[in-house]
Amino acid sequence: FKEVNDLFGHAAGDAVLQKVAHCASSVLRHGQMLARLGGDEFAIIAPNLPDPQAAGRIAEAVLSALRQENRLSPGGMVSASIGIALYPLDADEQAALVSHADTALYRAKAEGKDTFRYFEASMGAEARDRRSLEQDLRQAVARGEFRLVYQPQKEISSGRMIGFEALLRRQHPDRGEVPPSVFIPVAEDSGSIAQIGEWVLSTACEEAATWKNPLTVAVNVSAVQLHNPDFSRKVHEVLLRTGLAAGRLELEITETALVKDMPRALATLRQIKALGVRVAMDDFGTGYSSLSNLRAFPFDKIKIDGSFIKSVDRNGQVATIVRAVLGLGRGLGLPVLAEGVETLDELRFLDAEDCDIGQGYFLGRPGPIEAFSELTGVPAADDGVKEDAATAKVENVRGGSILMLQPAAAARSG
């Protein structure tokens, strides 16, 4: 919902809220009440239900109404996540009941959205942990908890290093090392991914500008950044401030980020290309409409997702897919980078099939830039440098219930 407000303005956000309110209230019966709690959260109070399953039927009716509205109306798609808490089974005090419904809502969001979940006692600790993560992330950049590590990208035919992908790591003062698989989803859901993404772009460019060899640096870009109207201007400002040559910066975009608003994404990528920055399609084959996206968007490189490289030397079906992508890249004049190269046999297969570039554990683990001082000229720390091997490359109602409803609004596609 925050993305809708940020990208399209508060009028569009209000329209989303009105759509959700209309759909949810249309399925309620006499005596059941819908209320907006704030932001994009609503609550339904449903007293005197005959059994717990009745609350689930209300939740499913709300979700169905939203799906039907999406089919009938053009523009933005809206889905919702719903959490259910039952009185007095789950709690007999209003604050606890609302809190439990909120906890179940977070579980529904974590399990794919557009669904509902009943509260379970085991969810409490998990929800508290997630809220704590959200609060911490808002201050993580200011507290200096993030750092970048770099994974080599090498030309397969010669073994020559051509650049690095910048990968984000986080060291929490109490939790220790927090994996990206944990904090990135939380950052995306809470909206803090925009600030974090800006820090990554700025830091990667600052560090790359100091390297003695003109190697490329690849930076991942979130959907929030891509669809921000000021993104190309921010990229330009970073390049001017750091002195990094535009041709040495490569922005990696996933197909999923493109489809949120394809016209806006296309306009942004064209502006970025006009700066001289290169653009790669990341995780090719795992998103939507891959072939049409390759034709429509100004990409300079294709990155095959690592899931297609795993055991490519032993799996005939996977090998056929990889050969097809390599042929597609040659036909379009685009170099192809294979992610997740972990064995010599996988590398030999890619070499035999004329894959251009490789990245993965077998070719180099991620590490601080000082670990590659021979190539970059960045001196190693006095206490020695170790590569980052840990990670390669988140009111009391008798007999009734409260359903916490939170819509997940996808940006308009037209």
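Where a number appears in this text, it was derived from the coordinates with a stated rule and is not lab data. Owing to the predicted nature of the structure, the values given are computational and were not obtained by experimental measurement. Note that each Cβ is placed from the backbone with ideal geometry, even for glycine, and that neighbours are counted across all protein chains shown.
Go ahead and estimate [θ] at 222 nm for the chain from helices alone: -39,500 (n - 2.57) per DSSP H run with n ≥ 4, summed, over the residue count, rounded to 500.
Details: 16 runs with 182 residues, N = 414.
Taking each H run of at least 4 residues, the total per residue is -13500 deg cm²/dmol.
Less than 5 angstrom separates the built amide H of Glu342 from those of Phe362, all sequence-distant by 5 or more or on a different chain. Taken over the alpha carbons of the chain as equal point scatterers, the Debye sum produces base-10 log I(q)/I(0) values at 0.06 Å⁻¹ of -0.30. Distant-in-sequence amide contacts of Thr216, defined by a placed amide H-H separation under 5 Å and a gap of 5 or more residues or a different chain, comprise Gly163, Phe164.
For segment 21-119, state which GluC sites (Glu not before Pro) are in a DSSP loop and have at most 16 other beta carbons lying within 10 Å of their beta carbon.
Numbers: sites: Glu41, Glu60, Glu69, Glu93, Glu111; in loops: Glu93, Glu111.
Qualifying residues, ordered by number: Glu93, Glu111.
For segment 82-89, 3J(HN,Hα) computed residue by residue from phi via the Karplus equation (6.51, -1.76, 1.60; θ = phi - 60°) reads 10, x, 10, 10, 10, 9, x, 4 Hz, glycine and proline entered as x.
Think of segment 145-376 as having a plus end and a minus end, set by charges on the Cβ of Lys, Arg, Asp and Glu; of Ile162, Pro180, Pro366, Ile162 sits farthest toward the positive end of this dipole.
Full extension of the chain between Asn213 and Leu37 gives 57.9 nm of extra length, using 0.36 nm per residue less the Cα-Cα distance.
Could you tell me what % of all Cα pairs in segment 221-331 have separations over 23 Å? If you can, show how the numbers build up before the last one.
Values: 2040 of 6105 pairs.
That tail contains 33 percent of the Cα-Cα pairs.
What you get for the chain, charging only the Cβ of Lys and Arg (+1) and of Asp and Glu (-1), is a dipole of about 1060 debye around the Cα centre.
Subtract the Cα-Cα distance of Arg323 and Arg143 from 0.36 nm times their separation in residues, and report this length gain in nm to one decimal. Display every interim value, and only then the final one.
On the way: separation 180, 0.36 × 180 = 64.80 nm, distance 4.59 nm.
Net length gain for the segment: 60.2 nm.
Here the gap between Ala11 and Arg241, fully extended at 0.36 nm per residue and compared with their Cα-Cα distance, gives a gain of 79.3 nm.
Is there a quick way to get the dipole size of segment 145-376? I mean about its Cα centre, with the Cβ of Lys and Arg at +1 and of Asp and Glu at -1; what is the value in debye to the nearest 20? Working shown, then result.
Values: 25 positive and 31 negative charges, 112 e Å.
Using only the charged Cβ atoms, the result is roughly 540 debye.
In sequence order, segment 130-140 has phi-based couplings of 5, 4, 5, 4, 4, 5, 5, 4, 5, 10, 5 Hz under the Karplus curve 6.51 cos²θ - 1.76 cosθ + 1.60, θ = phi - 60°, and Gly or Pro positions carry x. Cβ-Cβ distance of Ser132 and Ser181, R₀ of 22 Å, FRET efficiency by 1/(1 + (r/R0)^6): the value works out to about 0.80. Each of Lys273, Lys113 was scored by other Cβ atoms within 10 Å of its Cβ. Listed from fewest to most, they are Lys113, Lys273.
With 5 Å bins beginning at zero, the pair-distance distribution over Cα atoms of segment 145-376 amounts to 1, 6, 14, 18, 19, 18, 14, 7, 2, 0, 0 %.
A simple count of charges around Glu145, restricted to other residues whose Cβ falls under 12 Å of its Cβ and scoring Lys, Arg +1 and Asp, Glu -1, yields +3.
With neighbours defined as other Cβ atoms within 10 Å of a residue's Cβ, the residues Val182, Val149 order from fewest to most as Val182, Val149. Between amide H atoms placed 1.01 Å from N, distances below 5 Å from His172 occur with Glu177, Val178, all of them 5 or more places distant or on a separate chain. Which links in Lys154/Lys301; Lys234/Lys301; Lys234/Lys273; Lys212/Lys301 stretch past 19 Å when you go from one Cα to the other? Checking Cα-Cα distances, Lys234/Lys301; Lys212/Lys301 exceed 19 Å.
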